[in-house]
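S.K.: My structure is below; once you've seen it, I'll send some questions.
The values are calculated or read from the model by the stated rules, or taken from the named source; none is laboratory data. Everything numeric here is computed off the predicted structure, so don't read it as measured data. Note that we place each Cβ from the backbone using ideal geometry, even for glycine, and neighbour counts take in every protein chain shown.
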Amino acid sequence: MSNAVKIAVGVLALLLIALPWLVNPYVLQVFMLTFTYSMLGLAFALTIKVGLPRFDLAAWFGVGAYSTALLMLKGGFSFWPALLIGGIIAVVLGCLIFVAAMPRGMMVFLMFGMATAMTIYQVFGTVRFFGGWSGTGVVPPPAIGPFTFVNKPELYYLGLFFLTINILVYHFLYNSRIGRAWNAIGSSLKLASSAGIDVVKYRMANVLIGNFFVAVAGGYFVAYSLVAAPANFGFHHSIFVMMYVFVGGLAHSLAGPIIGAFVLTFTPEYFRIAKEYESIITAIVMILIIIFMPMGILGLYDGRIRNRLARIKWLRRESRSEPEVPL
């Protein structure tokens, strides 16, 4: 990481920490949504590493949200153990569902995921235990001892904490032995298998890690919305998650989903004055980005801006090294 990138990251971190003093509560609410969608996008980018696009992330998002909400409402759990148990439930259910699909390749996994998303959505809405289509009752806010996360700034920092944990864990995984195995699988299944990599095992680990963090995102969603309802976990939300990654830049597994989630969350909110046209405006923005920036926003930086900056730096270095001509 260059010094310029380190400085930019430091400035961004300070800005995010100071943000609650700079903006109104409504903007903080949009940032909380952005944090949530960023975590979903990071999980989608994770499975792309092993060549498995997912359309079931909204289902596991709902599993985490409903598990957290119901454990708090009906089980008497506090937020933190309920959040952890929700993540474990998503991992166990994912293992049971995908253990038969994973050895059969990408298309079978994809179909299993789509069926799972639709089934879980219907279960949330039709089974009385989950509260029906109106959702659960009002969930108590999260707390640490006597401190309760009630106000927008506190919930904002909670989301920033969860997103930071996601980034650190994914960064560690991508630069570890398991991350190198994932890259090998994503590059070529045959070459990875010939190198002794257990493709099924590494793919399953990848998917289940994603399930856990998506469920944690669902728990955070409940923390600030204080309710879990099926409408928030429909199949179309999985499509939006995919778009976050493509808009931000598929080649950037960490920064890409976050930038994509920021753009596609703030765009409709900015045009909220025309509520009935929000989906149209968002679709137009996505189409324009795909047409003019097919590698995403960060792909534009890789292809053009970085090359121009490198050329400017080279020209400056050359001008400094040119010997002076005596008169």
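S.K.: Of the residues in the stretch 62-84, how many are part of a helix (DSSP H, G or I) and among the polar types (S, T, N, Q)?
M.R.: 2
S.K.: Another question, if that's okay. Would you check if there is a residue in the stretch 266-283 being of a type outside the set (A, V, I, L, M, F, W, C), modelled with pLDDT of 75 or more and not in a helix (DSSP H, G or I)?
M.R.: No; the residues of the stretch 266-283 include none that is of a type outside the set (A, V, I, L, M, F, W, C), modelled with pLDDT of 75 or more and not in a helix (DSSP H, G or I).
S.K.: If you don't mind, another one. When you check Ala181 against the structure, is it in a helix (DSSP H, G or I) and more than 17 Å from Ala43 (Cβ to Cβ), yes or no?
M.R.: yes
S.K.: A further question on this structure: Go over the candidates Gly87, Gly186, Gly159 one by one and state the one that is in a helix (DSSP H, G or I) and either among the aromatic types (Phe, Trp, Tyr) or at pLDDT below 95 (or both).
M.R.: Gly186
S.K.: For Gly219, only one of the following conditions fails: (1) assigned to a helix (DSSP H, G or I); (2) at pLDDT 90 or above; (3) in contact with a Phe, Trp or Tyr (Cβ under 7 Å, 6 or more places away or on another chain). What is its number?
M.R.: (3)
S.K.: Could you look through the stretch 94-108, keep only residues that are hydrophobic (A, V, I, L, M, F, W, C) and crowded, with 19+ Cβ neighbours inside 10 Å, and pick out the one that is farthest from Ile185 (Cα to Cα)?
M.R.: By that ranking, first place goes to Ile97.
S.K.: With respect to Val245, is the statement that it is surrounded by 19 or more Cβ atoms within 10 Å (Cβ to Cβ), under 16 Å from the mean Cα position of the chain (by Cα) and at pLDDT 90 or above true?
M.R.: Spelling it out, it is not the case that Val245 is surrounded by 19 or more Cβ atoms within 10 Å (Cβ to Cβ), under 16 Å from the mean Cα position of the chain (by Cα) and at pLDDT 90 or above.
S.K.: I would also like to ask the following. Does the stretch 314-322 contain at least one residue that is over 28 Å from Tyr170 (Cα atoms), acidic (Asp, Glu) and either assigned to a helix (DSSP H, G or I) or modelled with pLDDT of 80 or more (or both)?
M.R.: Scanning the stretch 314-322 turns up at least one residue that is over 28 Å from Tyr170 (Cα atoms), acidic (Asp, Glu) and either assigned to a helix (DSSP H, G or I) or modelled with pLDDT of 80 or more (or both).
S.K.: Pick from the stretch 183-236 the residues that are in contact (Cβ under 8 Å) with a residue 12 or more places away in the chain and among the polar types (S, T, N, Q): which of them is surrounded by the fewest Cβ atoms within 10 Å (Cβ to Cβ)?
M.R.: Among residues in the stretch 183-236 that are in contact (Cβ under 8 Å) with a residue 12 or more places away in the chain and among the polar types (S, T, N, Q), the one surrounded by the fewest Cβ atoms within 10 Å (Cβ to Cβ) is Asn183.
S.K.: Here is a further query. Name the residues in the stretch 65-119 that are within 18 Å of Thr47 (Cα to Cα), in contact (Cβ under 8 Å) with a residue 40 or more places away in the chain and among the β-branched types (Val, Ile, Thr), would you?
M.R.: Matches in the stretch 65-119: Val91, Val99, Thr116.
S.K.: Within the bounds of the stretch 51-61, is there any residue that is in contact with a Ser or Thr (Cβ under 7 Å, 6 or more places away or on another chain), charged (D, E, K, R) and assigned to a loop (DSSP other than H, G, I, E, B)?
M.R.: Checked the stretch 51-61: at least one residue is in contact with a Ser or Thr (Cβ under 7 Å, 6 or more places away or on another chain), charged (D, E, K, R) and assigned to a loop (DSSP other than H, G, I, E, B).
S.K.: Scan the stretch 248-264 residue by residue and report those that are modelled with pLDDT under 85 and either farther than 19 Å from Ile287 by Cβ or polar (S, T, N, Q) (or both).
M.R.: Listed by number, the list holds a single entry, Ala251.
S.K.: Something else about it: Determine whether Phe77 is under 22 Å from the mean Cα position of the chain (by Cα), at pLDDT 90 or above and not polar (S, T, N, Q).
M.R.: No; evaluated as a whole, the condition is false for this residue.
S.K.: Does the stretch 66-75 contain at least one residue that is of a type outside the set (Ser, Thr, Tyr) and touching a Phe, Trp or Tyr at 6+ places or on another chain (Cβ under 6 Å)?
M.R.: So far as the stretch 66-75 goes, yes, one or more of its residues are of a type outside the set (Ser, Thr, Tyr) and touching a Phe, Trp or Tyr at 6+ places or on another chain (Cβ under 6 Å).
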